[in-house]
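The values are calculated or read from the model by the stated rules, or taken from the named source; none is laboratory data. Please read these numbers as outputs of a predicted model, since none were measured by experiment. Note that each Cβ is placed from the backbone with ideal geometry, even for glycine, and that neighbours are counted across all protein chains shown. The area values use the complete protein model at the heavy-atom level, side chains included, leaving out ligands, DNA and RNA. Shrake-Rupley method; radii C 1.70, N 1.55, O 1.52, S 1.80 Å.
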Amino acid sequence: MEEVNYRQEAIKPYADGGAKAEQVERMFDRIAPTYDLLNHGLSLGIDKRWRRAAIDSLRPHKPRRILDVATGTGDFALLAARELRPEQLLGVDLSEGMMQVGRAKVAKVGLQDVISFRREDCLALNLPDGSFDAVTVAYGIRNFSDLDRGLREMLRVLRPGGRLVVIELTAPRRFPMRQLFWLYSHLLMPALGRLVSRDGSAYKYLPATMEAFPQGERMQEILRRAGFTDVRFRRFTFGLSTLYTAAAPAAPGPAKELYGLVGYPLGHSFSAQYFAEKFAREGRDAAYANFPMERVPDLHAFAAERPQLRGLNVTIPHKQAVIPQLDALSPEAEAIGAVNVVRVERGGGAGAGADGVRLVGYNTDAVGFRESLEPLLTGVERRALVLGTGGASRAVAHGLRQLGIAVRLVSRTRRGEGCVSYADVTPEVLAGHLLVVNCSPVGMHPRTEDAPAIPYAALTPRHLLYDLVYNPLETAFLRRGRERGARTKNGLEMLHRQAEAAWRIWNG
């Protein structure tokens, strides 16, 4: 179940099942061909003036790198590129259909060298920390299924002192505009939307989210709570649109110690939040950063460029690929064949590289998993199915064997002795394995409705389902198990336990 903090987060375009993000993506893919026509027509062209006012708010800051979130067909991105002349403008959106229209518009005016588009979940951006001078959202933020998380992501990718500009449709609150708007949005807008786009639901969804979205002072407070400073707002045209501007906090002095997470994607991870809270609680002069990288970097060069770096966490898909770059492995990491913690030792000595840095790999996944699982065991879980064959599954299998539990790995295709395919997991096989552990990313945010392909109808109250995924807190895998009476456990405690074990390694 999706957690809801604000009313508009619960509003979906369609009555059928599926997460809000999935429905929003489907809706915009459907209406993409007619979106621009309806968008400007329904606002009688006034929206162009509102967009220009938002662009004007950025002029004094001269941003060189701009991220346009929920970019849609690229209208705002094109205007920003023409007016602000940035070096780079990246538009991100869930809907490929909308961005295809945007790409054609950009090619038509010859701005491909400045503007690019990429499919991204706005709640889990695969972009480095502090990589943009400005982040903009034009008429898309009300579609976020988690407003707070979306704001935190935008703050994360802004450089210190960078600017946020959000412009959103809002519902007038005063007589007679409130009543006129209701008639227009509830009667005329859905009728025109249905006539032109063939999707009446989309244009019922629009006014519903406008009315539910937090406005004015309340939105101002939400932005402050997310960590932004200098938060201001300005209403246009009797309150039909509201412009919010804010800044990322200025950079503090460099922390004495730096830690971080290497992997791809990283938008789902809670590690940075966990360690930030830990450092604040303990008064530690330290920082923890996400380093989203599709390929393993040259770790010795990476450490040399960051003299404060004391340690790294490693996550999918690099837990095995990182090993050749390390100077030593702990016995457990060597036995497992996967690393999720790297300790950075400086000052030369035995085994150090030419740069005087020694990189040592450890595995704390196994101990984190084992310690969080053991209290749940009743003695009947003698055999386990481990879903997935990556680095995390190796650590889980190691931890299970330490507990005396026999392991059978499950992959999309058979991969040798002790491993079966999902097609081989019959109700009879499931009946003989009362512990099922999902070590794959299936069901992880944003694809929260996905679940591993096992025969859920064969689950019983004797089964225990454990999912290493912790975002969302209840995955479809766990929910379907719970509905059959099985006991369930997510991976959040494992994250905390392996994080504390990593901290002891870095500072031991």
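Descriptive notes on the structure:
- In region 222-279, the residues that are small (Gly, Ala, Ser), assigned to a loop (DSSP other than H, G, I, E, B) and in contact with a Leu (Cβ under 9 Å, 6 or more places away or on another chain): Ala226, Gly227, Ala248, Gly267, Ser269
- Single condition Arg504 does not satisfy, out of (1) modelled with pLDDT of 95 or more; (2) in a loop (DSSP other than H, G, I, E, B): (2)
- Check on Arg358, basic (Lys, Arg), open to solvent by 60 Å² or more (accessible area, probe 1.4 Å) and out of contact with any Ser or Thr (no Cβ under 7 Å at 6 or more places or on another chain): yes
- A residue that is open to solvent by 60 Å² or more (accessible area, probe 1.4 Å) and touching a Gly at 6+ places or on another chain (Cβ under 6 Å) cannot be found anywhere in region 267-290.
- Condition broken by Asn143, with the remaining ones in (1) surrounded by 21 or more Cβ atoms within 10 Å (Cβ to Cβ); (2) among the polar types (S, T, N, Q); (3) farther than 28 Å from Asn471 by Cβ satisfied: (3)
- For Ser372: the one exception among (1) open to solvent by less than 10 Å² (accessible area, probe 1.4 Å); (2) modelled with pLDDT of 95 or more; (3) more than 23 Å from Lys489 (Cα to Cα): (3)
- Selection within region 407-418 - assigned to a strand (DSSP E or B) and either open to solvent by 50 Å² or more (accessible area, probe 1.4 Å) or closer than 20 Å to Ala451 by Cβ (or both): Arg408, Leu409, Val410, Ser411
- Residues satisfying the criterion are absent from region 379-397 (criterion: open to solvent by less than 40 Å² (accessible area, probe 1.4 Å), at pLDDT below 95, assigned to a strand (DSSP E or B) and more than 27 Å from Ala457 (Cα to Cα)).
- Residue in region 432-452 that is of a type in the set (Gly, Ala, Ser) and either open to solvent by 40 Å² or more (accessible area, probe 1.4 Å) or assigned to a helix (DSSP H, G or I) (or both) present: no
- Candidate set from region 453-480 (those that are in contact with an Asp or Glu (Cβ under 9 Å, 6 or more places away or on another chain), of a type outside the set (A, V, I, L, M) and not in a loop (DSSP other than H, G, I, E, B)); member that is surrounded by the most Cβ atoms within 10 Å (Cβ to Cβ): Asp467
- Comparison of Arg358, Arg343 shows that the only residue that is among the basic types (Lys, Arg) and within 30 Å of Leu158 (Cα to Cα) is Arg343.
- Only one entry in Leu459, Leu430 is touching a helix residue (DSSP H, G or I) at 6+ places or on another chain (Cβ under 6 Å), over 30 Å from Val341 (Cα atoms) and touching a residue at least 40 places away in the same chain (Cβ under 8 Å), namely Leu430.
- Qualifying residue in region 116-137 (condition: open to solvent by 40 Å² or more (accessible area, probe 1.4 Å), part of a helix (DSSP H, G or I) and touching a residue at least 12 places away in the same chain (Cβ under 8 Å)): no
- Entry remark, region 39-73: residues being assigned to a loop (DSSP other than H, G, I, E, B), at pLDDT below 95 and either touching a Lys or Arg at 6+ places or on another chain (Cβ under 8 Å) or open to solvent by less than 20 Å² (accessible area, probe 1.4 Å) (or both) number 2 in total.
- Complete set of residues in region 138-167 that are among the charged types (D, E, K, R), under 19 Å from Glu25 (Cβ atoms) and outside any loop (DSSP other than H, G, I, E, B): Arg142, Arg149, Glu153
- Boolean, Leu464 is touching a residue at least 60 places away in the same chain (Cβ under 8 Å), more than 28 Å from Tyr264 (Cα to Cα) and touching a strand residue (DSSP E or B) at 6+ places or on another chain (Cβ under 7 Å): yes
- Residue count for region 203-221, restricted to those that are closer than 18 Å to Lys20 by Cβ and either at pLDDT below 70 or part of a loop (DSSP other than H, G, I, E, B) (or both): 3.
- Residues of region 297-328 that are in a strand (DSSP E or B) and either open to solvent by less than 40 Å² (accessible area, probe 1.4 Å) or of a type in the set (Val, Ile, Thr) (or both): Leu309, Gly311, Leu312, Asn313, Val314, Ala328.
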